[in-house]
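Here the structure comes first, spelled out in C-alpha cells, and everything after it is commentary.
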C-alpha cells in the first residue's frame, strides 16, 4: 500500500473553505487541473455513493465515487473507479480542521492505493504535487 | 461533560516540536503556568503510566498520568488523577500533524471533563486560556528564541535571503559539536537590522550554552551573543542605525556565530570611529558587565577595597581599570604569576595567588584584618565560601558567574555573622532595553576613548577555528578577550 499525505494552512475559516470544496461536482470551480465534471445518473452531488466523472486539463478521464461526506467533520472520502493513472484500491480523504488561534484552516489531503513498484515514485509525485498540492495552492491564492 | 479544543500552527518541523512535547515531565520548561514538575517513583517521562506531579503558579497541586503516547501518530493522552481544581474525568490529548508544504506543525490540544454544576464555563475557559492558549504562545516564544537556525535550505530560500557561513551546534557537548555550515540570513523585518559581521566575541556563557548547562538553545542552533559589523540593510522602523554604519551588539537571543546576522535592532548600538569592530566584539559584553557591576549592582566608592577574581580575564581586566579610575583599592586573586603580572599592568594594587596560600589569610593581611568591602566573584562553587569569609562586616559579595560550577543551596541566616549582602545579577536584566544599553555603552565608550580602559584582545581565531577558541577558554588558557574573525 502506498500512502500520500499533503497538508497546508489556508488563511480563511474552515467553514468558508469547506463551502468552496464540499461540492463533489465542483472541482472545475477551484482546482486548476480539472476542466469539466458531471455527476453520473443525475444524482445530487452530496448523495453518498454518487459518481463524479471529470476530465483533466491533459484530457485524462477520471471517475470517482463519493464514500463519505461530513459537514460536521469537514471531511470527504472518495475512491477512484476508473483513471489513466494506473492505481488500484485508491481511497482519498480531503479534510479540514479549524485552527482556533486566528481564522485559519489546516487542510489535509491524503490517499492510499496500490500500484506497480516502478511507477510508485512517479505517482506519489503526481498525486501529491500535481493534484493535492496544486489544489491547496489554488485555495491559498483564492483565500489570500 | 465539557469539551475544550484549541489548535495552532507552530512554524517548525513536526519532528522538532514532537521532540519537545513527547517529554511528559518537561512541559514546565516551556509552560509558564507550571512550576517545576516531577515524575513520581523513578519512572521515565515517556513511560506509559508515569505520573507527573506539579504545582500551578497559583499553588494548586495537580497529578497527571500519561495514558498513551505514539511516536508514529505524534499523539499523547493524559488524565488528571488528583487536583486542587475540580476537574473530574479529565482526559486530554495533544495531537500533532505535519503541514507538509511549509514544513510546519499543526498542533491540536483538546480535552473532555466534568465540572461541578455551574462551573462549566469558568473551568473550560481556564483550561482553554490559561493552559492551552498560553501554552501555545509560550511554546512559540521559547522555540523561536531557542532555535535560531533558519530551517530553509537553499532549495527553498526566500526572496531577500543572503547566504552566509555560520557555526552550528549540532548537539550539546564538546567543542567538536561546533560545525561550519552555509545558512540563509533572512531580510530584516520592520524593526530588524542585518549586519555583515567581521568580529564575534567568545564568552564563557557560550560554553554554558554549548554544554546545555544553560537552557537558552535547543540544538541544532547557533551560539553567540556578541558581534560587530556593518549594517547592510534595515527595517523601516529602525531609526538609530544607518546602512553602511558600523554597529555592535551583546544581547540574547543567541545566534552571533555567523558572518551575516539579522536581528532586532533595539539593542544594537552604533560604533564611534575610535572603536574598531574587533575591539567592540571584545569589549561590549564584558565592558557592559563591568559597568553595571560597578554602577548599578554596587555603587563603588573611592574609599572601598575590593577583591576581583580572575583579574586577568575579560571582565576582570575592565573591572580593575574602571575600579582604579574610581579610586578604589583593588586586590586581584588569580592562578599564575603570568596572570598576576597582567593584573598589575591593568591597575590591581595587590595580586594574591590562593594556590600558594589561603585566600582569606592573604586578604586579611592586606587589609589589616578588616576584609574587603566588595567581592566580584564569577568563579562560583570553588570560591563562594572563601569569598564570604574574606568580606568585611556589611560587605557585598557579587556572584556573577559560576566557572567552577553552581554554588548550590546556601543558608541565608549564616550571613548574619557579618551582615553580608549577596547579589546574583543576571546580565539580561541590566541590558534588556535600549535605554540601559545606551547608558552603559556611553560610559564604556567614553572610558575607552579617554584610555581609562584599554581593551586587550588576548586571542584571535578565524571563525572556522571556533572549537579551539572554546577549548582554550574552557581550559582557562586565555587572557583578556577571545574574538572570532570572519574572513
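Please report the spacing between the Cα centers of the stretch A:96-111 and the stretch B:43-84 in Å, no decimals.
Between the Cα centre of the stretch A:96-111 and that of the stretch B:43-84, the gap is 27 Å.
Treating each Cα of the protein assembly as shown as an identical point scatterer and ignoring solvent, apply the Debye formula and state log10 I(q)/I(0) at q = 0.10 Å⁻¹.
Each listed q corresponds, in turn, to -1.02.
Other chains' Cβ within 10 Å of A:93-99 residues: what's the mean?
2
Where the centre of each part is set by its Cα atoms, how far does the stretch B:157-179 sit from the stretch A:1-73, in angstrom?
Comparing the Cα centres of the stretch B:157-179 and the stretch A:1-73, I get a distance of 44 Å.
Could you work out the mean count of beta carbons from other protein chains within 10 Å of each residue's beta carbon in A:104-117?
2
For the protein assembly as shown, what is the percent of antiparallel DSSP beta bridges, rounded to the nearest 5?
Rounded to the nearest five, the antiparallel share is 80 percent.
At a 10 angstrom cut-off on C-beta neighbours, averaged per residue, how do the peptides B:9-17, B:301-309 rank from highest to lowest?
Per-residue Cβ counts within 10 Å, averaged per peptide and sorted highest first, yield B:301-309, B:9-17.
Given labels modelled 7 Å from the Cα in the Cβ direction, how far is it in nm from residue A:30 to residue B:429?
5.3 nm
Antiparallel DSSP bridges in chain B: what percent, to the nearest 5?
75 percent
So the label point goes 7 Å from the Cα of residue B:370 along Cα→C-beta, right? Which residues of the stretch B:303-322 then have their backbone N under 14 Å from it?
Within reach of a label on residue B:370, which here means backbone N under 14 Å from a point 7 Å along Cα→Cβ, the stretch B:303-322 contributes B:303-307.
Report the FRET efficiency, 1/(1 + (r/R0)^6), for residue A:142 and residue B:301, where r is their Cβ-Cβ distance and R0 is 45 Å, rounded to 0.05.
In this case the efficiency is close to 0.05.
For the stretch B:2-142, what's the relative contact order in percent, using C-alpha pairs closer than 8 Å and at least 6 residues apart?
Relative contact order of the stretch B:2-142: 28 percent.
For the peptides B:271-277, B:341-347, B:160-166, what is the packing order when you average, over each peptide's residues, the other Cβ atoms within 10 Å and list the highest mean first?
B:341-347, B:160-166, B:271-277
Working from the pairwise distances between different alpha carbons, so that the mean of 1/r is found and then inverted, what is the stretch B:2-142's Kirkwood radius in Å?
Its Kirkwood hydrodynamic radius stands at 15.4 Å.
At what distance in nm do the modelled label points of residue B:28 and residue B:170 sit from each other, each positioned 7 Å from its Cα along Cα→Cβ?
3.4 nm
Would you mind getting the Kirkwood hydrodynamic radius of the stretch B:302-424 from its Cα pairs, rounded to one decimal in Å?
So the Kirkwood estimate lands at 14.2 Å.
Using helices alone, what [θ] at 222 nm do you get for the protein assembly as shown, with -39,500 (n - 2.57) per DSSP H run of 4 or more residues, divided over all residues and rounded to the nearest 500?
Computed ellipticity for the protein assembly as shown at 222 nm equals -6500 deg cm²/dmol.
Sort B:125-135, A:96-106, B:428-438 for me by packing, meaning the mean count of neighbouring Cβ atoms within 10 Å per residue, highest on top.
A:96-106, B:125-135, B:428-438
Taking a cut-off of 35 Å, what percent of all Cα-Cα pairs in chain B are separated by more than that?
43 percent
Give me the distance between the Cα centres of the stretch B:210-280 and the stretch B:421-463, rounded to whole Å.
Cα centres, the stretch B:210-280 to the stretch B:421-463: 14 Å.
On full extension of the chain, what length is gained from residue B:464 through residue B:79, given 0.36 nm per residue of separation minus the C-alpha to C-alpha distance?
So the extension gain works out to 133.6 nm.
Relative contact order of chain B, please, whole-number percent, based on alpha carbon pairs below 8 angstrom and at least 6 residues apart.
Across chain B, relative contact order equals 11 percent.
For the stretch B:83-226, what does the relative contact order come out to in percent, with C-alpha contacts under 8 Å and a separation of six or more?
20 percent
A short reminder: the numbers here are calculations on the coordinates, not readings from a lab. Keep in mind that what you see is a predicted model, and the values were worked out from it rather than measured. Heads up, the Cβs are rebuilt from the backbone with ideal geometry, glycines too, and the neighbour counts pull from every protein chain shown.
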